[in-house]
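Down below is the structure, laid out as structure tokens.
The values are calculated or read from the model by the stated rules, or taken from the named source; none is laboratory data. Computed from a predicted model, the values in this text were never measured in an experiment. FYI the Cβ positions are ideal-geometry reconstructions off the backbone, even for glycines, and counts take in every protein chain you see.
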């Protein structure tokens, strides 16, 4: 996103995202574009722009990665799942995978902000965390759908600008000594600070969502489908998919795939298992199917991703 960086100026040079799919209602969903040899983190310093002819009129879209936006100067407004949010100075906005973002051009004003797009693989404390537990992790507290924006006290705003400038500097030269550790540390610092801005009493979990996630967690290593999960819980696949998308921003199959791919990435990163063995442990048919699904989701082969992770480490 030209206005919110990673979320609005999509699939242009230097941007970290690429069109992955289009929902039935026409909403495009963008995926994080893994760049070989670089960590899955991108930082953009932005200013409001209104001319994005390649995007729908309201820039409506979703993505499958996390985005954190720090507003230095007022920038107008945008919507998250249809709810308007003002982009006010000193605010931090967290946008979760699957949430639908809209930015009417008429609502954009002049201002400045930072946008950080990343996947959990960039944060050591999150690399093995199930995506089904993301909203329960303290580092991602601000990403809970009920959290809303965080508001930074005036004396602390300079720290945020400095942290983001430092992160951008490290990412600009990822090959230098200590860059990996610096990027991980700076991103973790930002998430700690963002988590402390979240409400101290988070909303209680949705019982149906908890049941769905528990079933996915129990069965994703087997070749189960969305229909299997729905039937086990006593719903039709279509109904459960609709309800889950409305309550979490993502359909049932997306959550099953996300859980499997998190485990695939963990096994590729932490073991020397063959692709056939990885496929067998993650509910996928075989290595060929694993390679196809991995490339579709991350625009890179699992073998190359594994080499990239180890080179980066």
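For this structure, a couple of remarks:
- Residue 141 meets the stated requirement of being in contact with a helix residue (DSSP H, G or I) (Cβ under 7 Å, 6 or more places away or on another chain), within 23 Å of residue 82 (Cα to Cα) and part of a helix (DSSP H, G or I).
- Scanning region 269-281 for residues that are at pLDDT 95 or above and assigned to a helix (DSSP H, G or I) yields 275, 276, 277, 278, 279, 280, 281.
- Test: residue 240 is over 20 Å from the mean Cα position of the chain (by Cα), modelled with pLDDT of 95 or more and within 27 Å of residue 95 (Cα to Cα): yes
- Residue in region 37-49 that is at pLDDT below 80, surrounded by fewer than 23 Cβ atoms within 10 Å (Cβ to Cβ) and either closer than 27 Å to residue 126 by Cα or within 19 Å of the chain's Cα centre (by Cα) (or both) present: yes
- Only listed residue being surrounded by fewer than 21 Cβ atoms within 10 Å (Cβ to Cβ), within 24 Å of residue 212 (Cα to Cα) and not assigned by TED's automatic domain parsing to the domain that holds residue 33, chosen from 280, 287: 280
- Qualifying residue in region 108-116 (condition: outside any helix (DSSP H, G or I), in contact (Cβ under 8 Å) with a residue 12 or more places away in the chain, farther than 26 Å from residue 255 by Cα and under 17 Å from the mean Cα position of the chain (by Cα)): yes
- Taking the conditions (1) surrounded by 15 or more Cβ atoms within 10 Å (Cβ to Cβ); (2) touching a strand residue (DSSP E or B) at 6+ places or on another chain (Cβ under 6 Å); (3) at pLDDT 85 or above in turn, residue 84 satisfies each one other than (1).
- Inside region 104-115, residues that are modelled with pLDDT of 70 or more and either in contact with a helix residue (DSSP H, G or I) (Cβ under 7 Å, 6 or more places away or on another chain) or surrounded by fewer than 16 Cβ atoms within 10 Å (Cβ to Cβ) (or both) make up a count of 3.
- In this entry, residue 306 is excluded by the filter for residues that are part of a loop (DSSP other than H, G, I, E, B) and modelled with pLDDT under 95.
- Residues satisfying the stated conditions in region 275-293, i.e. more than 18 Å from residue 218 (Cβ to Cβ) and in contact with a helix residue (DSSP H, G or I) (Cβ under 7 Å, 6 or more places away or on another chain): 275, 276, 278, 279, 285, 286, 287, 289, 290, 291
- Residue check, residue 264 touching a residue at least 24 places away in the same chain (Cβ under 8 Å), more than 18 Å from residue 131 (Cα to Cα) and crowded, with 17+ Cβ neighbours inside 10 Å: no
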